1. Can you tell me which residue in the stretch 83-118 is farthest from the chain's Cα centre (by Cα), limited to those that are among the small types (G, A, S) and surrounded by fewer than 19 Cβ atoms within 10 Å (Cβ to Cβ)?
2. What number goes with the only condition from (1) among the charged types (D, E, K, R); (2) surrounded by 10 or more Cβ atoms within 10 Å (Cβ to Cβ); (3) at pLDDT below 95 that K27 does not pass?
3. Which condition number does F161 fail, the rest of (1) among the aromatic types (F, W, Y); (2) in contact with a Leu (Cβ under 8 Å, 6 or more places away or on another chain); (3) modelled with pLDDT of 95 or more being met?
4. Sort through D166, D103, D177 and tell me the only one that's more than 17 Å from T46 (Cα to Cα) and touching a residue at least 12 places away in the same chain (Cβ under 8 Å).
5. For the subset of the stretch 68-82 comprising residues that are assigned to a loop (DSSP other than H, G, I, E, B) and among the small types (G, A, S), which member is surrounded by the most Cβ atoms within 10 Å (Cβ to Cβ)?
6. Determine the pairs where a residue that is assigned to a loop (DSSP other than H, G, I, E, B), located within the stretch 1-15, has a partner that is at pLDDT 65 or above and surrounded by 15 or more Cβ atoms within 10 Å (Cβ to Cβ) with Cβ atoms under 6 Å apart, the partner being 6 or more residues away or on another chain.
7. Checking M154 against (1) modelled with pLDDT of 95 or more; (2) under 16 Å from the mean Cα position of the chain (by Cα); (3) not assigned by TED's automatic domain parsing to the domain that holds Q60: exactly one of these is not met. Which one?
8. Using the structure shown, decide if I50 is of a type outside the set (S, T, Y), within 30 Å of A12 (Cα to Cα) and either at pLDDT 95 or above or not assigned by TED's automatic domain parsing to the domain that holds E110 (or both).
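The values are calculated or read from the model by the stated rules, or taken from the named source; none is laboratory data. Quantities reported herein were computed from a predicted structural model and do not represent experimental measurements. Cβ: placed from backbone, ideal geometry, glycine included. Neighbour counts: every protein chain shown.
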Amino acid sequence: MKNIDGQLPTSAKMVFKGEIFEVWQWKQKMFDGSIQTFEKLRRTNTAQVIPAVGDKILIQIQEQPDRKKSFNSIPGGRCDWGEEPLIAAKRELLEETGYISDDWTLWREENPIGKIIWTVYTYIARNCYHKQPSQLDAGEKITTQLISFDEFLMLSEDPSFYERKDLYCELIRARFDKKFREDFYKLLFGVK
C-alpha cells in the first residue's frame, strides 16, 4: 500500500520536519527476508517560469544570502504546501518581476531526484507585461533583464545560470537542431 501520491508505503512515518524537507522512514523486507530501514525526503514542489515579453525572454540576476556570487535564473520558487503549481508560478512571476501573463502553458513536469518526493513544474508565460513593482522576499535581491532568444539559448554555456542543469539539453538542442529551434521559438513566443 502507498500513500503521499503513491510514493511512500502506508507504513512510512515522518521522523523529521524542517523548513523545507521532511524525512520519512519505513521498514522494508529485503529479498533474503531481512528487514532494513528505508528513507525518502519530501519537500514542496517548485514552479518556475520562462517569461516571454514580446520577442525577448525575461531573466533575473539574483543575489541570495547563502551564495557568494550573483547568478542568472528564470523566475520561480517553492509552491506552498497544497498550492497548485500554476498558481505558484503566477505568484512567483509577479512577486519577483512585477510581470503577469494571460497566456500560460505547462511545458515540463519533472521529478529530478528519485529519493526526494518533489516535482519541478516549468511553465511558459507568453505576452508578459509589467503590472507592478516586484515584491521580493527578505533573502532576495533580484534585477530583471530582457534578452534575445539567441542569448537565452547561450545560457547553456553560462555556469552561473541556475537552471542550466534543468534546461541544458533543450537549450543545446535548440542551438544545433534547426527544426527543434523553430518549434521551441514558436512555443516560447506563441508564433503560429
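1. G98
2. Here K27 clears every test but (3).
3. F161 satisfies all of (1) among the aromatic types (F, W, Y); (2) in contact with a Leu (Cβ under 8 Å, 6 or more places away or on another chain); (3) modelled with pLDDT of 95 or more except (3).
4. Only one candidate qualifies: D103.
5. Filtering the stretch 68-82 for residues that are assigned to a loop (DSSP other than H, G, I, E, B) and among the small types (G, A, S), the one surrounded by the most Cβ atoms within 10 Å (Cβ to Cβ) comes out as S70.
6. Cβ pairs passing all conditions: Q7/I117; S11/W26; A12/W24; A12/W26.
7. Only one criterion in (1) modelled with pLDDT of 95 or more; (2) under 16 Å from the mean Cα position of the chain (by Cα); (3) not assigned by TED's automatic domain parsing to the domain that holds Q60 is unmet by M154, namely (2).
8. No.
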